[in-house]
1. Over the range 290-348, what is the relative contact order in percent, taking alpha-carbon pairs closer than 8 angstrom and at least six residues apart?
2. What does the accessible area of residue 171 come to, in Å² to the nearest 10, when a probe of 1.4 Å is used?
3. The range 327-405: which trypsin sites (Lys or Arg not before Pro) are DSSP loop and have at most 14 other beta-carbon atoms within 10 angstrom?
4. Give the average over all directions of the projected area of the C-alpha convex hull of the chain, one decimal, in nm².
5. Report, to the nearest whole %, how much of the accessible area of the range 257-364 belongs to carbon and sulfur atoms, 1.4 Å probe, protein only.
6. Just to verify a number: FRET efficiency for residue 189 and residue 150, C-beta to C-beta distance, R0 = 45 Å, to 0.05?
7. If 189, 326 are ordered by their accessible area, calculated over protein heavy atoms with a 1.4 Å probe, which sequence runs from highest to lowest?
8. For the range 78-121 and the range 309-369, write down the distance between their C-alpha centroids in whole Å.
Amino acid sequence: MAGVAGGNDFQWCFSQVKGAIDEDVAEADIISTVEFNHSGEFLATGDKGGRVVIFQHEQECKNRPHLRGEYNVYSTFQSHEPEFDYLKSLEIEEKINKIRWLAQQNSAHFLLSTNDKTIKLWKISERDKRAEGYNLKDEDGRLRDPFRITSLRVPVLMPMDLMVEASPRRVFANAHTYHINSISVNSDHQTYLSADDLRINLWHLEITDRSFNIVDIKPANMEELTEVITAAECQPNQCNVFVYSSSKGTIRLCDMRAAALCDRHTKFFEEPEDPSSRSFFSEIISSISDVKFSHSGRYMMTRDYLSVKVWDLNMENRPVETYQVHEYLRSKLCSLYENDCIFDKFECCWNGSDSAIMTGSYNNFFRMFDRNTRKDITLEASRESSKPRGTLKPRKVSTGGKRKKDEISVDSLDFNKKILHTAWHPKENVIAVAATNNLYIFQDKIN
């Protein structure tokens, strides 16, 4: 099998890599979120240093139609700064946890970015003209003596070099006691939700000084706390429906029409545990790290430590599809617990037609699963395979016994190299994969 995407067997090839090659990676440069906008023309990344970098897709060359256009830096700005909570004596990191694009309404683009405590709405706009010929000031900006002005002139707009400006339009603060793990823009394009460990809030994009608390799972006595919220997302077509996942491996679907406070869920998705596979680590590895609705809104996908599951919203008692991401790590859970890797939060994403899914693993491996053919593939994001238009070779992991020539042993996997954040272009087979401080872009091979 050559590749996985939407039922077609084809090959993935290297397109670009962004970021420095240094062996010593600065903590601030580590990418913490990746997100395409709704058309796929723009790709945004956030990092641990609080910066947002936006890449724009350049159009293909007319004389070389077999080459797709590349993504080049469009705008870079500092979204969040480190802060200090004096009441709790806590440092608030500048790390960008999530970026979500708003649907485009005019020539400007808008996105939400959040760190642990504060969500910001950014406007990204272009300026290629400037006004010249003012009456009250000279061209260099100095004010003119009003008594020397003998005639009035009409200012004119003159062309100038393109400038991309990022300006903060709204700041949504002071609504979360715990760390924000999710933001999700609603399909009404007016509201969005934000979730932390124990609460979910609903915001209006125009109103910053108040939000509605729609889920609160905080017990009266914190010693009775048994689970936390790990992710939340709005349904893509129904603005009243959202889901949230928990550290116990369950997903609750809520309908805001039923009650103002959605503590009583409408649907509860949980797979019964197999008693024979129960171990000390069962609870930790069943915690859901990401939940994503399909574009159609009919399915949702959840990622836990070892697998990806696809659920039909009409069936609550078990997933309709389960894909093993790295089952070979089951025997290594003890050492993964000791080095804290067992708590890594892997994300997952759908392709544009919901026919394939992608998620990350260790050793800079990432996995793709074709839902139609049930084929899967392991690929690697590495500088070694980053020759222009070079085809990605499928990788295999050997699990004991005799290792074949192209296989890599489980014991030689590098657990410091992990693919936590990936994104799939909404309309084309172009994927973005964040590997520490590098952003890899791959695409299907056009013959």
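The values are calculated or read from the model by the stated rules, or taken from the named source; none is laboratory data. Everything quoted here is computed from the prediction, not taken from an experiment. When we count neighbours, we look across all protein chains shown, and the Cβ atoms used for this are built from the backbone with ideal geometry, even at glycine. What goes into the accessible areas is simple: the full protein's heavy atoms, side chains included, and nothing from ligands, DNA or RNA. Shrake-Rupley method; radii C 1.70, N 1.55, O 1.52, S 1.80 Å.
1. The value is 33 percent.
2. We get 70 Å² for residue 171.
3. Answer in residue order: 374, 389, 402, 404, 405.
4. 28.3
5. Taking all protein chains in place, the range 257-364 shows 50 percent carbon and sulfur surface.
6. It comes to 0.30.
7. Heavy-atom accessible area, descending, gives 189, 326.
8. 27
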